[in-house]
Amino acid sequence: MHKELRFTAPLAALLLLGGCAGYTTSEIDAVDRSVAVPSVRVAVDLGRGRATEEIPPPARVHTSHALELGLSYARGSGTQHFDATQQPITFGGRTFVPPQDLHYDFDLRFVELAYRYRHLFSGARLGVEGLAGAGYADLGLTVNSATQRASERLRNGGLVLGLGGLWGITSSTSLHARGTLFYSGASDDVTNASRFEIYLAQALGRNVSVRAGYATWSLRSERESDHFFYTRNSPLRVRFSGPALGLELMF
């Protein structure tokens, strides 16, 4: 009898701790649908010859192999309501217990370097493009409640893949649509991100083009347990969209 008690008591305590380990938190979801997204790109054609009738100036849409360096920036905010039936939020070493409204402020810097292949179909103004390379995400998020505040920066690199299409409206004006995926696999930082953009590009001279359109982004961090037995960081998602303005230098 005493041996059985000596065995079951530690087992019960272990099960209790196991239940605490299974404790989950609510997801942070920061959403802003009115964020301006400026960007700069530098594209360098590989194996390009001197511009002729067959080889157009770099700023005009053409079939090409190129290296593309891009920098995007965004800043936004959002509010999320949590009712009494939801789990708390754990972020930045603080716990936010519902019911309450949380206000979020975020900013993103995203850098990417990729190989890009662009192909225009013979006899048509339509084309496709694909790109593959590396990216670096720097996401800052601040959570505010009526009584406390917490901030974190999530920084990491990962792989970038993209696919798009284009239509050459005139020799110097084109319409582009592109989807891009970023994946790092890092649980505590930016695990993955997706971006879709559609824009009108206008060539200004031989080497410069300006872009105006619309972009939508979604970034996610899966998060990991910081303290295995009694708490964990809340997973988070940052979503934003809005007008996209860009400058592109091509050589």
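Please go through the range 147-191 and pick out each residue that is of a type in the set (K, R) and closer than 30 Å to T95 by Cα. Show your work before the answer.
Taking the range 147-191 first, the residues of a type in the set (K, R) are 149, 153, 155, 178.
Matches in the range 147-191: R149, R153, R155.
Kindly indicate the residue of the range 118-146 that is open to solvent by 80 Å² or more (accessible area, probe 1.4 Å) and either at pLDDT below 95 or in contact with an Asp or Glu (Cβ under 9 Å, 6 or more places away or on another chain) (or both) and also farthest from L69 (Cα to Cα) among those meeting that condition. If you could, list the steps in order and put the result at the bottom.
Kept after step one, since they are open to solvent by 80 Å² or more (accessible area, probe 1.4 Å), are these residues of the range 118-146: 121-123, 125-126, 136, 146.
If we keep only those that are either at pLDDT below 95 or in contact with an Asp or Glu (Cβ under 9 Å, 6 or more places away or on another chain) (or both) too, we end up with 121-123, 125, 136, 146.
Numbers: F121: 25, S122: 27, G123: 30, R125: 25, Y136: 12, A146: 42 Å.
If we take residues in the range 118-146 being open to solvent by 80 Å² or more (accessible area, probe 1.4 Å) and either at pLDDT below 95 or in contact with an Asp or Glu (Cβ under 9 Å, 6 or more places away or on another chain) (or both), then A146 is farthest from L69 (Cα to Cα).
Please tell me if R153 is open to solvent by 70 Å² or more (accessible area, probe 1.4 Å), at pLDDT 95 or above, in contact with an Asp or Glu (Cβ under 9 Å, 6 or more places away or on another chain) and among the charged types (D, E, K, R).
Here the answer is yes, as R153 does meet what is asked.
Pull up the range 160-197, narrow it to residues that are of a type in the set (A, V, I, L, M) and not in a loop (DSSP other than H, G, I, E, B), then point me to the one that is most open to solvent (accessible area, probe 1.4 Å). Write out each step before concluding.
The first filter runs over the range 160-197 and keeps only residues of a type in the set (A, V, I, L, M), leaving 160-161, 163, 166, 169, 175, 177, 181, 186, 190, 193.
Filter again for not in a loop (DSSP other than H, G, I, E, B), leaving 160-161, 163, 166, 175, 177, 181, 193.
On the way: V160: 1, L161: 108, L163: 125, L166: 10, L175: 65, A177: 31, L181: 109, A193: 8 Å².
In this case the residue turns out to be L163.
Restricting the search to the range 93-117, which residues are assigned to a loop (DSSP other than H, G, I, E, B) and at pLDDT 95 or above? Full working, then the answer.
Filtering the range 93-117 for residues assigned to a loop (DSSP other than H, G, I, E, B) gives 93, 97-99.
V97, P98, P99 - these are the residues of the range 93-117 that are assigned to a loop (DSSP other than H, G, I, E, B) and at pLDDT 95 or above.
Taking the condition of being of a type in the set (S, T, Y) and more than 18 Å from the chain's Cα centre (by Cα), how many residues in the range 106-144 meet it? Full working, then the answer.
From the range 106-144, those of a type in the set (S, T, Y) are 115, 117, 122, 136, 142; that's our starting set.
Among the residues that remain, those that are also more than 18 Å from the chain's Cα centre (by Cα) are: 115, 117, 122.
Result for the range 106-144: 3.
The values are calculated or read from the model by the stated rules, or taken from the named source; none is laboratory data. As the structure is a computational prediction, the values presented were derived from the model and not from experiment. Because the Cβ atoms are built from the backbone with ideal geometry, glycine has one as well, and the counts that use them run over all protein chains shown. SASA here: full protein model, heavy atoms, side chains in, ligands and nucleic acids out. Shrake-Rupley method; radii C 1.70, N 1.55, O 1.52, S 1.80 Å.
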